[in-house]
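Data first, discussion second: the structure below is written as structure tokens.
No lab work stands behind these numbers, since they all come straight from the coordinates. For clarity, every value in this text was computed on a predicted model and none was experimentally measured. Heads up, the Cβs are rebuilt from the backbone with ideal geometry, glycines too, and the neighbour counts pull from every protein chain shown.
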Amino acid sequence: MVGSQALVAYQRPDGRFYAYASPIDSYDTRLQEGRLSFSFSALSGTFVNSEMTIFASLQLTSGTVMINQVWQTGPLKGGTPAIHASTADHLTSLGTLDLINSDAT
């Protein structure tokens, strides 16, 4: 989704896991590596039983209480992530994460 700041991960054709940051600035994104508006560290992940999990420590500004999240799946093209389908499932995969309370939507 345009305006998202993504932590992207995929399994390379040689089997190695790869994770990086990518700002999303258009619907025709190529998920190129780039800087995000917030700092993070310890970016890593796992790919087990066809399920990918990304881990990172986010360094958010003081007073950040809620963050929006989006998630997607998509194909690889030429060994790198390609655009996902524009179906309802992809367009509605979003939520809000409350960093103070245990409620999430």
If the only charges are +1 at each Lys and Arg Cβ and -1 at each Asp and Glu Cβ, what is the size of the charge dipole of the chain around the Cα centre, to the nearest 20 debye? 320 debye
Output for the chain (equivalent-ellipsoid semi-axes, sqrt of 5λ from the C-alpha gyration tensor, Å, descending) is 23, 17, 15
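Do the sum for the chain: with -39,500 (n - 2.57) for every DSSP H run of n ≥ 4, divided by all residues, what is the mean residue ellipticity at 222 nm, to the nearest 500 deg cm²/dmol?
After summing the helix terms and dividing by residue count, I get -500 deg cm²/dmol.
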Go through segment 6-12 residue by residue and turn each phi into a ³J(HN,Hα) via Karplus (6.51, -1.76, 1.60, θ = phi - 60°); whole Hz please, and just put x for glycine and proline. 9, 9, 10, 8, 7, 9, 5
Search the structure for amide H atoms under 5 Å from the amide H of Met66, placed 1.01 Å from N in the peptide plane, and list their residues when 5 or more places away or on another chain. Leu99
Between the residues Ile67, Ala6, Gly79, the Cα farthest towards the positive end of the dipole of the chain, that dipole coming from +1 and -1 charges on the beta-carbon of Lys, Arg, Asp and Glu, is from Gly79
Along the Cα→Cβ direction, 7 angstrom out, place labels at Thr73 and Leu36. What is the inter-label distance in nm? 2.2 nm
Can you tell me the FRET efficiency between Asp14 and Ile83 if r is taken as the Cβ-Cβ distance and R0 is 25 Å, rounded to the nearest 0.05? 0.65
